[in-house]
Amino acid sequence: MKALLALSRLIDAMNERLSYVANWLVLLSCLISAGNAFSRYAFSLSSNAWLEIQWYMFAAMVMLGTSYTLKRNEHVRVDIIFSNLSTRRQIGVDIFGAVLFLLPATLIMAYLSWPIFHNSWAENEVSTNAGGLIRWPVKIFIPLGFALLSLQGISELIKRIAMLTGHMEAKLHYERPLQ
């Protein structure tokens, strides 16, 4: 179990670092958006490339941020049921959900999205918009994001099993969203 928990910490640390990249992309995207709006209205200069790069950054933010969201236990769940369960049952629900839903779905998505990226890269696909960008750089985030989410799912599964077996303190902080 010690080796698995070490692997879990490694995965957590990697996704933590990638979350900083996602955070910086938010700022960069906002700056590009503001700069593009300024140049369009002040100088009548604009390019579809500026709009597309924002779309690319948004895709990267989402795909890099999902694994960090899972790590922080801030993903969507059915609050009305989950919050009324004991800690042990919450752990059981998390294990059940990871094994039967999360990991199969993310692994399948990573596998199925790889050819989409690969074909785009091999053909050097370019946006059909005037001034558009090459497409493969954004498409790599699909299999990458699902692979990272799969790894984080494995990390969370390891931690939940460690909690059940007493190798780790059961800390399942979950903040119910304000409504």
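The values are calculated or read from the model by the stated rules, or taken from the named source; none is laboratory data. Here the structure is a predicted model, which means the values were calculated and not measured. Note that each Cβ is placed from the backbone with ideal geometry, even for glycine, and that neighbours are counted across all protein chains shown.
Annotations for the structure displayed:
- Within the option set V62, V126, being loosely packed, with under 13 Cβ neighbours inside 10 Å and touching a Gly at 6+ places or on another chain (Cβ under 8 Å) holds for one residue only, V126.
- When residues of region 86-141 are limited to those that are of a type in the set (D, E) and over 22 Å from V62 (Cβ atoms), the one modelled with the highest pLDDT: E123
- If the condition is being in contact (Cβ under 8 Å) with a residue 60 or more places away in the chain and within 16 Å of G97 (Cβ to Cβ), then region 40-80 contributes T66, S67, L70, K71, N73, E74, R77, D79.
- Extreme residue, surrounded by the fewest Cβ atoms within 10 Å (Cβ to Cβ), among residues of region 129-157 that are among the small types (G, A, S) and touching an Asp or Glu at 6+ places or on another chain (Cβ under 8 Å): G132
- Among the residues of region 47-69, those identified as polar (S, T, N, Q) and over 19 Å from V126 (Cβ atoms) are T66, S67, T69.
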